[in-house]
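Asker: Below: one structure in structure tokens.
Bear in mind these aren't lab numbers, they're just calculated from the coordinates by the rules spelled out. Note that the coordinates shown come from a computational prediction; the quantities given were computed from them, not determined experimentally. Here the Cβ is made from the backbone with ideal geometry for all residues, glycine too, and neighbour counts use every protein chain on show.
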Amino acid sequence: MDRCIVLVDAGYLLGAAASLLAGEPSRSRITVDHAALIQGLRERAECETQQPLLRIYWFDGAPDRVPQPEHRRLRVMPRVTVRLGALTRSDGRWAQKGVDAAMHAELTELARNRACSDVVLVTGDGDLLPGMMAAKEHGVAVHLWAVQAADGDYNQSEDLVAEADERRVLDRVWITRAVRAKEFGGVCAPPPAPRPEIAAILSAPLPESSLGTAERAPERPQHVPAAPSRNGSEGDRLPAPKGVPTPKDLATMRAPATQTVQPASATLRWSSDKGWVDRPGVVAESPDAAAMPTLAQLTTAEQRWADREEDITTVGGDPYEVGQVFARRWVERLTDRSHLQKLSGMYPRIPHRIDGELLRYAARFGLLAHKDDQIDEHDRYAIRAGFWREIDVRTATERAPAGE
């Protein structure tokens, strides 16, 4: 059959791209425009094989073979089929299991059934050598593509290179059309200035009386949480005492020199994004917070279907982006606009019902820790930072006409 098929080992392609652009093979160090990457693969395959594309097979690993955000985006693209192997953690490192076996099975089956005349393999794994040899025996031309190695050497099995009918290198220029290294160490937005009152509370030492005689607070604590900011993601990291202070500890502790002693009657409660909020005399959630409508209450059946379609096709699944999308939908569907101003005044604490709904929504995007029902703390931080950033933008937009 005169057509071509592309088999992509995503672990190799994106890991090698990360090494080339960011200096290490961690895929968390790069951002990928998957639509541009798929289009680039298709155009290049058709150009080099002189055959129309039948399909691109994308092989990747995922925890418990559960599709991640990128996999959901890819599998709804035209001419793309996603095949998932397992992603397991061993000695602190993630490793793919079953991906090479799935590629081998697909390659041999396609060749045996004469589904194509040319196969493009984007991989470096020598385990695919038997599959490549079998495909050639069935009359299929095998094109092997490599990602330019960061050190200028091969990053593929030499046996695989020797057996291929054609070999091409995807160089830095080609790779950077769809892949780029992350800036700010992977943070989605520039670090904003933290709110001073939150920073003061987080940086204040525990009173001596709250520590046991066998253990005192060190001069330079090891754990450094970040002060929240409503303008973006986490702010400058500030020292914090060893261990987690209780509300009672914080209510009686002495703040820095610029602050006064917290009154013993103060009620300090955890905010939804790790800051402490002084709410004297308030024990339960305020009536305004309790009356806030959830996104589910504001969403019709038609909108729910459209939301799901958007989640699958356009929402990338980055924690910061997830928070923004959730907040955008909530604001746009509000019928009582006073709720927006009330919510803005509750910073940094998201009302409990909305916060829970936000985290459940984020869990759809594969943000749950592996084999755990909790979202990583760093991801929670980014989700809520994205939520507050969008609330800030929407609040400012609604205030603008009145201020002109």
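Asker: Would you work out which of 31, 53, 132 lies farthest towards the positive end of the dipole of the stretch 4-182, given +1 charges on the beta-carbon of Lys and Arg and -1 on that of Asp and Glu, about the Cα centre?
Answerer: So the residue furthest toward the plus end is 31.
Asker: Let me ask something else. Could you check the spin-label model distance between residue 159 and residue 89? Points 7 Å from the Cα along Cα→Cβ, value in nm.
Answerer: About 3.3 nm, to one decimal.
Asker: Which length gain, in nm to one decimal place, applies between residue 105 and residue 134 when the Cα-Cα distance is subtracted from 0.36 nm times their residue separation?
Answerer: Here the answer is 9.4 nm.
Asker: Could you give the length gained on full extension between residue 171 and residue 294, defined as 0.36 nm per residue of separation minus the Cα-Cα distance, in nm?
Answerer: Contour length minus the Cα-Cα distance gives 39.5 nm.
Asker: Calculate the spin-label point distance for residue 180 paired with residue 301, positioning each point 7 Å from the Cα along the beta-carbon direction, and give it in nanometres.
Answerer: 4.3 nm
Asker: Something else: Grab the Cα-Cα distance for residue 48 and residue 364, subtract it from 0.36 nm times how many residues apart they are, and report the gain in nm with one decimal.
Answerer: Result: 109.9 nm gained on full extension.
Asker: While we're looking at this one, here's another question. If I take the Cα coordinates of the stretch 4-182 and project them onto the principal axes, what are the three extents in Å, biggest first?
Answerer: Reported extents, whole Å, longest axis first: 41, 35, 33.
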